[in-house]
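Reviewing the structure listed below.
The values are calculated or read from the model by the stated rules, or taken from the named source; none is laboratory data. Worth saying up front: this structure is predicted, and the values here are computed from it rather than measured. Reconstructed Cβ throughout: ideal geometry from the backbone, glycine too, with neighbour counts over all protein chains shown.
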Amino acid sequence: MQNKNFQKLFLLDLWKRLLIFLSVFGPATITAMADNDAGGVATYSVAGARLGYPILFPLLIITILLGVTQEMGMRLTVITRKGLADLIREKFGVRASLLIFTSLLIANMGTIFTELAAIKTTSAMLGLPPIPSVIVIVLISFIFITRGNYKLTQSVMLLACVFYFSYIVSAFNAKPDWGMALSNLVYPHGVEATPEYLKNFLVIGMGVLGTTITPWGQFFISSFAFDKKIEKGKFIYSQLETYWGAFLTNFFSFFMIVATAATLFVHNIPLTSGEEAALAIKPFAGEWAGNLFALGILNAGFMGLVIVSLSTAYAFAEFFGLSGSLNDSFKQSKTFYILFIGQLSVATVVTMLPGLSLFDLAVATQILNAISLPLVFFYLIKLTNDKKLMGEFANNRFQKYFAIACTVVIVIASIFTVATLILRW
């Protein structure tokens, strides 16, 4: 009898904890998954096609870096009840706010242009009219953000995450060497380590890091968590979701790389974009797998379009002390919604311009992101180290030094990324 009562209490406690976890679930998973936007898919596809299975090795390290840095942003917001941008303005002044927001706005606009360009190209690949497809996706984004609320936005974005399973199907259809793929997560091997290969491994590896950990991601997770109004008592569940989100994003990245490594690398077919990957894997993995890969890019472009535009609007509202919430009406948060709509409108017009080099624009965006990221982490670490601000939730010794080590890695990655992109540009 006692054993049955114990089991009943255990199951009730487990069910209660699950409900609490589901109540805070969303911000970290959506932020991490949005890092696999159209630009991210392109980076992972190029990595797999040019480097094969060994480029899977950095994924474990990148997952840890992503989890640690986003946990800091989540913890900062839940404990202080303020967003990262709001705290930067409050603690470091308007000049710092203006500098960071300006670089964030320019970089985010470049990212949004890239998302729409990917949507335009991928729509044509799937037999859809490109320009009408872009307009329809922009209108859908506009309507559900301005007419909906936080709950609807979170639900739509979580639904979009489901479409990333298309990369798993594409990877299995490619019939990869799973033993080689899984063992390369532990140590890189199976490829001749020529000087040229090692150089490309370093450069593309830095690009993989840079496309996963972004300035806009740090601001979005903070603002989106604040908008959800997560209670301090549920913080441990938010931490759990942060690491789950970091794992999930690179779980799907793993299959993106495997799909292209198993088809394109083994046949020595290099890539310059994710859209090329969807076309190139068809002869090896089948028409269906190629179309699913393209559908995944289309979905990633939509998700990135919405999340990056929202991150700019959230940051502006916080940096300059304005109202900005998805639960507010248009009248209550007019500037927030106008900035969101303005980004979509400008990006749509620019994407339609003939002769525009979106590749050059994407390169410039990556350079600006690489320059901005160390500065954002400087403020993030300084704020989470502040015991007056964070109390008992300030970084402990391990978190403090691990975060600094992570930042050093990111700074080095940023320097390599900037140097490489400038030389190639």
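For the reader, a short list of remarks on this structure follows.
- Selection within the range 259-283: residues that are in contact with a Leu (Cβ under 8 Å, 6 or more places away or on another chain) and either more than 17 Å from ALA300 (Cβ to Cβ) or polar (S, T, N, Q) (or both). The member of this set that is modelled with the highest pLDDT is ALA261.
- Among the candidates SER170, SER141, SER183, the residue that is hydroxyl-bearing (Ser, Thr, Tyr), surrounded by 15 or more Cβ atoms within 10 Å (Cβ to Cβ) and either in contact with a strand residue (DSSP E or B) (Cβ under 9 Å, 6 or more places away or on another chain) or more than 28 Å from GLN70 (Cα to Cα) (or both) is uniquely SER170.
- Against the numbered list (1) hydrophobic (A, V, I, L, M, F, W, C); (2) crowded, with 16+ Cβ neighbours inside 10 Å; (3) at pLDDT 80 or above, PHE224 comes up short only at (3).
- Residues within the range 117-133 that are more than 16 Å from ALA160 (Cβ to Cβ) and buried (at least 24 other Cβ atoms within 10 Å of the Cβ), tallied: 1
- Residue within the range 286-300 that is modelled with pLDDT of 85 or more, among the aliphatic types (A, V, I, L, M) and assigned to a helix (DSSP H, G or I) present: no
- Those residues of the range 75-101 which are within 20 Å of the chain's Cα centre (by Cα) and either surrounded by fewer than 24 Cβ atoms within 10 Å (Cβ to Cβ) or at pLDDT below 85 (or both), in sequence order: ARG75, ILE100, PHE101
- Of all the numbered requirements in (1) surrounded by fewer than 23 Cβ atoms within 10 Å (Cβ to Cβ); (2) in contact (Cβ under 8 Å) with a residue 24 or more places away in the chain; (3) in a helix (DSSP H, G or I), MET72 misses one, and that requirement is (1).
- Helices (runs of 4 or more DSSP H) fully within the range 315-425 counting 1 or more residues that are at pLDDT 85 or above and crowded, with 18+ Cβ neighbours inside 10 Å: 334-352, 358-385, 387-390
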